[in-house]
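Chemist: Have a look at this one.
A short reminder: the numbers here are calculations on the coordinates, not readings from a lab. Quantities reported herein were computed from a predicted structural model and do not represent experimental measurements. Every residue, glycine as well, gets a Cβ built from its backbone with ideal geometry; the counts of neighbours run over all protein chains shown.
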Amino acid sequence: MKLKHLSVANFKNIREAEIDFSPGVNCLVGNNGMGKTNLLDALYYLSFCKSSNALPDGQVVTHGEDFFMLSGTYELNGQPETIRCGYRLKGKKSFKRDGKEYQRLSDHIGLLPIVMLTPADSVLLQGGSEERRRFMDITISQFDKTYLNALMRYNSALQQRNTLLKMDPPCTDFSLYRVWEEQMDFYGQMIYEARRQFVEQLVPVFQEFYSQISKGREAVGLDYTSHFCKGSLIPQLDEVRSRDLALGYTTRGAHKDELEMRIGDCLMKQVGSQGQNKTFLVGLKLAQFDYLRSHGQTCPMLLLDDIFDRLDSDRVEQIIHLVSSDRFGQIFITDTNREYIDRIIEHLNGDHMLMTVKDGVFQESKSVNDGEA
């Protein structure tokens, strides 16, 4: 998959932009707050129908305006595709593929696979387990519609069970609980099996990337745990029903799964340095890309936002070597440091483009390969 052209109107601080992209590496340089990350978020929005940082649609509209519009022209499996999105304040969001509007936004998920790494992804290490489940869900849902459907149905059944648990006076007709618990068990088993296979296949690739970036200095791992490791959820829910009634929510199920992120024998968030944390996230996202490329119908886009911060020179050099190879298809890289971008471009053999970004305006610039001093 390649993004050939992007049109933007009133998206965050980007009031208007028409940009043609390289099919190889696209580098964006500028100070913080100029719009580099906002452009990546626009690409994310066209893939996932929402902002990467979960902002409500009204908050991505440029201040003082009443709508935003995004339009991307792609080459997908050798065929042209145009995706357009529009949103008006107090109105309806519209998503169209080649002029035809989607009836359900979930039908669009997976058409334009993306892997994105930003400084905000530190929440994967430092945040709660819901962040790590979201990482698994975003990855698997981009190529497995059955999984996405199971996830939606599981969450609906969970919500219904929680509603019963919160009733006042308490609902004591356990047959009503069983209707939703059976759905949670059925769809939860599907979710568990897909997550288990995902982690099993991701780990060795992730460890390979981490070892290459760190030059083998540390050993890392991922451990997936789930209540479904014990088998059917039904007896487990029976066991904790009284407790769940007292708490008002469900304490067993796929919504409690955990993906532990380790360095050595310890949790990464407890002992990892800033450089190790950043290396962990870079390795994890590159492995995520590799997984999607091998399981999906098309090569994903890779979006890397400010990835060199807090890394020593050796790790920076290894990452530059990785992203300069032809392993990753179309890449978008942002940085405030022109030196890092120039070093990437110097390693490139294929097509690339360099843009400077200031106040939401994007201007193509010459790179060292083009003879700029």
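Chemist: What residues of the stretch 27-49 lie in the reach of a label at residue 79, counting those whose backbone N is under 20 Å from a point 7 Å from the Cα along Cα→Cβ?
Modeler: Label zone hits: 47-48.
Chemist: Pulled fully out, how much extra length does the chain show between residue 239 and residue 53, if you take 0.36 nm times their separation in residues and subtract their Cα-Cα distance?
Modeler: Gain on stretching residue 239 to residue 53: 63.2 nm.
Chemist: Ok, one more. Could you please report the charge total around residue 304, scoring K, R as +1 and D, E as -1 over all other residues with beta-carbon less than 10 angstrom from its beta-carbon?
Modeler: Once positives and negatives cancel, what remains is -2.
Chemist: What does the net charge come to around residue 219 if you take all other residues with beta carbon closer than 10 Å to its beta carbon, with K and R at +1 and D and E at -1?
Modeler: For residues surrounding residue 219, the net value is 0.
Chemist: Filter the cross-link list 215/285; 215/256; 4/93; 2/90; 166/285; 4/50 down to pairs whose alpha-carbon distance in this structure exceeds 29 Å. Please report the intermediate quantities before stating the final value.
Modeler: Numbers: 215/285 18 Å; 215/256 35 Å; 4/93 24 Å; 2/90 33 Å; 166/285 39 Å; 4/50 21 Å.
Distance filter (> 29 Å) returns 215/256; 2/90; 166/285.
Chemist: Cut-off under 17 Å on the C-alpha distance; same-chain residues fewer than 8 positions from residue 96 excluded. Which aspartates and glutamates are left, in chain and number order?
Modeler: List returned: 57, 75, 81, 107.
Chemist: Separate question: Using a basic spin-label model with each label point 7 Å from the Cα along Cα→Cβ, how many nm lie between residue 256 and residue 349?
Modeler: 5.3
Chemist: Only bridges whose two residues both fall in the chain count here: according to DSSP, what percent of them are antiparallel, nearest 5?
Modeler: Numbers: 43 of 61 bridges.
For the chain, the DSSP antiparallel bridge percentage is about 70.
Chemist: Where the centre of each part is set by its Cα atoms, how far does the stretch 1-38 sit from the stretch 258-333, in angstrom?
Modeler: Their Cα centres are 22 Å away from one another.
Chemist: Per residue Cα convex hull volume for the stretch 255-349, in cubic angstrom?
Modeler: 133
Chemist: So what is the calculated 222 nm ellipticity per residue for the chain, using -39500 (n - 2.57) for each DSSP H run with n of 4 or more, over all residues, to the nearest 500 deg cm²/dmol?
Modeler: Here the helix-only value at 222 nm equals -13500 deg cm²/dmol.
Chemist: Quick one: net charge of residue 11's neighbours, Cβ under 12 Å, K/R +1, D/E -1?
Modeler: With Lys, Arg at +1 and Asp, Glu at -1, the neighbours total -2.
Chemist: Taking a quarter of the surface of the Cα convex hull of the stretch 122-297, what do you get in nm²?
Modeler: On the way: hull surface 43.0 nm².
Projected over every direction and averaged, the Cα hull of the stretch 122-297 covers 10.7 nm².
Chemist: Calculate, in nm to one decimal, what residue 314 and residue 89 gain on full extension: separation in residues at 0.36 nm each, minus their alpha carbon distance.
Modeler: Details: separation 225, 0.36 × 225 = 81.00 nm, distance 4.77 nm.
Additional length available on full extension: 76.2 nm.
Chemist: Sticking with this structure for a sec: Taking the mean number of other Cβ atoms within 10 Å as a proxy for protection, how do you rank 252-260, 226-234 from highest to lowest?
Modeler: Descending mean neighbour count gives 252-260, 226-234.
Chemist: Pairs of Cα atoms under 8 Å, at least six residues apart: use those to get the relative contact order of the stretch 1-148, whole percent.
Modeler: Values: 216 pairs, mean separation 30.1, N = 148.
Here the relative contact order equals 20 percent.
Chemist: Fully extended, how many nm does the chain gain between residue 63 and residue 172 (0.36 nm per residue separation, minus their Cα-Cα distance)? All intermediate terms of the calculation are to be shown ahead of the outcome.
Modeler: On the way: separation 109, 0.36 × 109 = 39.24 nm, distance 5.09 nm.
Between residue 63 and residue 172, full extension yields an extra 34.2 nm.
Chemist: For a footprinting-style exposure proxy, rank 171, 49 by other Cβ within 10 Å, fewest first.
Modeler: Arranged by neighbour count, lowest to highest, 171, 49 become 171, 49.
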